[in-house]
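Notes to accompany the following structure.
The values are calculated or read from the model by the stated rules, or taken from the named source; none is laboratory data. These figures come from a predicted structure and were not determined experimentally. Cβ placement follows ideal geometry from the backbone for every residue including glycine, while neighbour counts extend to all protein chains displayed.
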């Protein structure tokens, strides 16, 4: 297997799916993970037509047992992962701390922080053994700024940034790149998940301006991954033209 192997979590929609597409177009072999087996299978069939090989793993990154079992099930040749993209994440709810839903908090902490750690712990070990690799963690403008009613989501993405900076220091001696990519307002399933399927609320988030798309971020991810061996992009913050900060979006009336 001569082509590079990229492992993408949360690959069934949004940034993860678009990244899988652009990497398949550039002949990466892919390990795609997610919680929706039907989508994973459909994506596998579509992408294998792009002259790449695809493995799918259906599990929940919130469960260390599921993570460990899924990764252990890979054939040895597929454990030679060149790139890990920790993309799985979510925002749940939009409320002040005194009214927050504890289940939402748990879901965000378990997915955005602990899931990233579970994946990184195992895959970074494989990379250290080979003395090469690249880990890219998908963060957010919420990891750079905090905004009201999103305290826990912002906290999880601040944690992603802190973990990434520490990993960069820890893994640099092993010739492993580590970086983050942080989107601003992006129209994926993000708001639909945050508002628990309320399409009207989700649509209002993107009214009056052109948000980022999953493809925009996927193209930026590919740029980061395609830099020469001596170049590491530590952090990349990408915003829609209409968005000047986490809270300031200039909408057409």
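The table below lists the values:
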item	result
Of all residues making up the range 109-154, the number that are in a helix (DSSP H, G or I) and either touching a residue at least 12 places away in the same chain (Cβ under 8 Å) or at positive phi (or both)	26
The range 201-215 - residue that is surrounded by fewer than 14 Cβ atoms within 10 Å (Cβ to Cβ) and out of contact with any strand residue (DSSP E or B) (no Cβ under 9 Å at 6 or more places or on another chain) and, of those, nearest to residue 184 (Cα to Cα)	210
Filter result (farther than 17 Å from residue 111 by Cβ and over 18 Å from the mean Cα position of the chain (by Cα)) within the range 136-165	145, 146, 147, 148, 149
One residue from 237, 225 being at pLDDT 95 or above, crowded, with 16+ Cβ neighbours inside 10 Å and touching a strand residue (DSSP E or B) at 6+ places or on another chain (Cβ under 8 Å)	225
Test result for residue 253, assigned to a loop (DSSP other than H, G, I, E, B), surrounded by fewer than 17 Cβ atoms within 10 Å (Cβ to Cβ) and modelled with pLDDT under 95	yes
All positions within the range 207-230 that are over 20 Å from residue 143 (Cα atoms), under 21 Å from the mean Cα position of the chain (by Cα) and not in a helix (DSSP H, G or I)	226, 227
Restricting the range 91-113 to residues that are modelled with pLDDT of 95 or more and under 17 Å from the mean Cα position of the chain (by Cα), the residue that is nearest to residue 174 (Cα to Cα)	113
